[in-house]
Ligand SMILES: NC(=O)c1ccc[n+]([C@@H]2O[C@H](COP(=O)([O-])OP(=O)(O)OC[C@H]3O[C@@H](n4cnc5c(N)ncnc54)[C@H](OP(=O)(O)O)[C@@H]3O)[C@@H](O)[C@H]2O)c1
């Protein structure tokens with residue numbers, strides 16, 4: 001029997017469908033970027049922090065935490081430095097994980113001098129290398145100290161495609177694989193401080209513009225460092241949800257937060273035009289670190305494990321109509337990939 005639909009009609013229909021699909025994708029992307037820009041400008045800048053801080057309770061962060069052991073990664077600069085300083089000033093023992101020995105030593109002695117707390121230590125580890133993380137964590141585990149707080153702060157936005165010595169795309173290696181490896185390998189020491197243990201991961205509000213994707217190393221399409229960075233930051237949010245679910249019975253709380261837009265060496269270097277256009281409107285590093293410190297100090301009953309936090313409150317993980325929610329179902333396959341990369 002002969003078909004009644006001719007070949008040109010079928011191909012026209014296919015073309016129309018593809019065009020509509022591309023148009024929808026374009027519109028969703030444009031909506032995400034616009035919604036993020038407006039929401040960010042109103043909330044993530046210094047004025048947003050000052051507005052939100054009107055409802056902060058100063059007593060929340062007035063606690064001392066002598067005897068608590070905290071690890072802060074990327075602690076020699078920006079938000080990590082402010083976090084390490086804030087924890088040390090409240091009496092914690094702080095292990096500052098830095099990739100550069102000299103920069104790390106300067107930061108440790110500055111914090112010791114400013115806080116009078118001598119229990120601030122440098123641990124050198126390049127978090128772009130799984131092998132280095134493995135040797136650091138196995139060395140560190142011999143200390144046999146309980147870890148109360150692990151702050152996964154180290155991160156970067158590398159605009160060019162750079163490949164690490166282990167063959168991974170650099171943003172992914174530090175922001176995702178490094179964060180994943182540190183957390184998984186520190187679990188035994190975190191379990192020692194249960195039920196108080198917590199992992200706090202520093203994501204970015206930029207993740208609102210990205211769904212979760214299994215293209216972890218940006219193998220598809222033309223590489224874009226800023227896009228790769230926000231994809232990485234979305235993975236951190238989905239990972240935190242998964243950790244909370246997977247390790248809920250271990251007495252460890254998992255929280256992910258974003259600091260807003262803070263003026264740090266990382267932002268100045270990686271986003272010069274953003275930094276220039278918002279001159280005077282960005283938060284300080286201390287303001288960026290405020291919610292990290294708050295999460296470290298709150299009684300766990302007040303917090304939601306797996307939650308995303310901003311300015312001392314739980315925040316939505318998805319912007320309205322941004323079509324990012326369903327993508328989180330890809331996290332299991334992402335974890336399988338991370339386990340295979342790390343040989344865990
Ligand atoms: N500032 C913001 O507005 C903003 C907004 C959203 C999210 N964040 C997030 O906040 C976190 C801190 O960023 P920041 O703005 O404070 O930037 P920063 O000043 O550049 O600090 C980043 C820290 O991470 C360290 N780091 C980078 N790669 C590393 C590696 N391979 N191994 C070990 N440490 C490494 C850096 O060490 P070096 O000094 O040796 O480079 C530095 O100590 C990041 O996760 C970032 O994504 C920041």
Problem set entry | Degrees, to the nearest 10: 101-115 long Cα axis against longest axis of the chain | 60 degrees
For this session: Would you please state the base-10 log of I(q)/I(0) at q = 0.08 1/Å for the chain, with intensities from the Debye formula using one equal scatterer on every alpha carbon?
Result: -0.39
Problem set entry | Packing-based exposure ordering (other Cβ within 10 Å, fewest first) of 257, 170, 207 | 170, 207, 257
Exercise. With a ≥ b ≥ c the root eigenvalues of the C-alpha gyration tensor of the range 194-297, is it rounded (a/c under 1.5), prolate (a/b larger than b/c) or oblate?
Worked result: oblate
For this session: Could you line up 56, 341 from fewest to most neighbouring Cβ atoms inside 10 Å?
Result: 56, 341
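Return 19, 285 ranked ascending by Cβ neighbour count within 10 Å, so the fewest neighbours appear first. Don't jump to the answer; show the numbers that get you there.
Details: 19 10, 285 22.
Lowest count first: 19, 285.
Provide the percentage of antiparallel DSSP beta bridges, counting only those with both residues in the chain; round to the nearest 5. List each step's numbers first, then the result.
Numbers: 3 of 29 bridges.
Taking every DSSP beta bridge with both residues in the chain, the antiparallel ones total about 10 percent.
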Seminar exercise, completed: The helix 331-342 Cα axis meets the longest alpha-carbon principal axis of the chain at an angle in degrees, between 0 and 90 and rounded to 10, of 60 degrees
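Find how much the distance from residue 219 to residue 304 grows on full extension, using 0.36 nm per residue of separation minus their present alpha carbon separation; answer in nm with one decimal.
On the way: separation 85, 0.36 × 85 = 30.60 nm, distance 3.46 nm.
So the extension gain works out to 27.1 nm.
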Problem set entry | residue 246 versus residue 9: modelled label distance in nm, points set 7 Å from Cα along the beta carbon direction | 5.2 nm
Problem set entry | Residue-averaged 222 nm ellipticity for the chain, from DSSP H runs of 4+ at -39500 (n - 2.57), nearest 500 | -14500 deg cm²/dmol
Problem set entry | Acute angle (nearest 10 degrees) that the helix 179-191 long axis makes with the longest principal axis of the chain, alpha-carbon atoms | 40 degrees
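Classify the range 1-157 as rounded, prolate or oblate from the Cα gyration tensor: take a ≥ b ≥ c as the square roots of its eigenvalues, call it rounded if a/c is under 1.5, otherwise prolate when a/b beats b/c and oblate if not. Let's see the in-between values first.
On the way: a/c = 3.74, a/b = 2.09, b/c = 1.79.
Since a/c reaches 1.5 and a/b is larger than b/c, the shape of the range 1-157 is classed as prolate.
Estimate the FRET efficiency between residue 284 and residue 113 by the formula 1/(1 + (r/R0)^6), using the beta-carbon distance for r and 22 Å for R0, to the nearest 0.05.
Values: r = 20 Å, r/R0 = 0.91.
E between residue 284 and residue 113, to the nearest 0.05, is 0.65.
Read the figures in this text as sums done on the coordinates, not as results from a lab. Given the structure is predicted, the values throughout are model-derived calculations rather than measurements. Cβ atoms come from the backbone with ideal geometry, glycine included; neighbour counts cover every protein chain shown.
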